[in-house]
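Have a look at the structure below before the remarks.
Just so it is clear, none of the values below were taken in a lab; they were calculated from the coordinates. Quick caveat: nothing in here was measured; it's all calculated off a predicted structure. Note that each Cβ is placed from the backbone with ideal geometry, even for glycine, and that neighbours are counted across all protein chains shown.
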Amino acid sequence: MPPLPISPPKPKDATEKVAHALALAIHEHRIAPGTKLGEDELGEIYDVSRTVIRAALQSLAHIQLVEIQRNKGAFVAQPSLREAREVFEARALLEPRTAGSAAARATPRDIAILKEHIAQEHAAMDAGDHGRALSLSGVFHIEVARIADQDTIRQFIETLIARSSLIIALYWRRESALCESHAHHALIDAIAKADAQNAEELMRSHLVDLNSALDLRDRPTQSRSLKELLQDPHP
């Protein structure tokens, strides 16, 4: 039996590799929203040309993880509070129905994949790697959308999850966000039982709980260098 597809295939060319590494660092909160992404420094970190770095930053700007400001350079995107609310309103509209569709279509292999995600979330939390746990949580939601087999909606959800990662870094209490793996257990049970109505209700409640964890206090200024922040904690 082939291994379970816990994560997307690894990128092949230099631009994809840099974009993938930067996206992972953003999702795992190793680099904070608003951090400047200097082309020269990134080129040294990844040992690639500025042309490769520019292409990688452009690809991340396309999915709204990075903002490129004229005459200033590239920065990790910084969603406003209004954007945060809009993102979770959109998720509340899309994801409950998607969870219901997933419950109607899930195979035993799909359930195994979701359970493996939870196992990895718990392993990351036990290791104190909160950023990775949150990143895996986002992938869990994308997997639910994949199981629902609605490609257009899945693409919207993937974009919303990417924005959610930035919103978490800016506005959420980390300890509250990490509680969501318990909700994931209940969701898996409903999906495994093909209980579409319960899956919808659980996803809706889950998103309300996550939205209620918004914290508007200022975050401390990041003092570590970009090179230190981008070191992979789990090579």
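Please check: in the Gaussian network model of the chain (C-alpha springs, under 10 Å), which one of THR15, THR98, THR152 has the largest mean-square fluctuation.
THR152
Out of SER59, SER101, SER137, any idea which swings most in a Gaussian network model of the chain, alpha carbons joined below 10 Å?
Result: SER59 has the largest fluctuation of those listed.
Whole-Hz ³J(HN,Hα) for each residue in region 165-172, computed from phi via Karplus 6.51 cos²θ - 1.76 cosθ + 1.60 with θ = phi - 60°, x for glycine and proline: what do you get?
4, 5, 5, 4, 4, 8, 10, 9
Can you compute the charge dipole magnitude of region 81-211 about its Cα centre, using +1 on each Lys and Arg Cβ and -1 on each Asp and Glu Cβ, nothing else charged? Give it in debye, rounded to the nearest 20.
Numbers: 15 positive and 20 negative charges, 36 e Å.
For this selection, approximately 180 debye.
Label-point separation (nm) for VAL208 and GLU41, each offset 7 Å from Cα along Cα-to-Cβ?
Distance between label points: 4.3 nm.
Highest GNM mean-square fluctuation, the chain, Cα pairs closer than 10 Å: which of ALA92, ALA213, ALA127?
Highest fluctuation of the listed residues: ALA127.
Place a label point 7 angstrom from the Cα of ILE111 along the Cα-to-Cβ direction, then list the residues of region 142-169 whose backbone nitrogen is under 16 Å away.
Backbone N within reach: 144, 147-148.
Suppose every K and R has +1 on its Cβ and every D and E has -1 on its Cβ; what is the size of the dipole of the chain about the Cα centre, in Debye to the nearest 20? It would help to have the intermediate numbers written out before the result.
Numbers: 28 positive and 33 negative charges, 90 e Å.
Its charge dipole is roughly 440 debye.
Over the chain, what is the relative contact order in percent, taking alpha-carbon pairs closer than 8 angstrom and at least six residues apart? Don't jump to the answer; show the numbers that get you there.
On the way: 304 pairs, mean separation 63.0, N = 235.
Relative contact order for the chain comes out at 27 percent.
Before anything else, pin down the relative contact order of region 18-63: Cα pairs under 8 Å, at least 6 apart, normalised by residue count, whole percent. Spell out each step's value before the answer.
Details: 20 pairs, mean separation 21.6, N = 46.
Once divided by the residue count of region 18-63, the mean separation gives 47 percent.
Multiply the residue gap between HIS20 and ASP195 by 0.36 nm, knock off their C-alpha separation, and tell me the result in nm, one decimal place.
On the way: separation 175, 0.36 × 175 = 63.00 nm, distance 3.55 nm.
Difference between extended and current length: 59.5 nm.
Hand me the tally of lysine pairs in the chain: alpha carbons under 19 angstrom apart, and the pair either on different chains or 8 or more positions apart.
Values: LYS17/LYS227; LYS36/LYS72; LYS36/LYS227; LYS115/LYS193.
Lysine pair count for the chain: 4.
Let me check against my output: what whole-number percent is the relative contact order of region 81-211, with C-alpha pairs under 8 Å and at least 6 apart?
Working: 153 pairs, mean separation 56.9, N = 131.
So the answer I get is 43 percent.
Can you show me the helix-derived [θ] at 222 nm for the chain, built from DSSP H runs with n ≥ 4 at -39,500 (n - 2.57) apiece and divided by the number of residues, rounded to the nearest 500. Walk me through the intermediate numbers first.
Working: 11 runs with 156 residues, N = 235.
Helix-only estimate at 222 nm: -21500 deg cm²/dmol.
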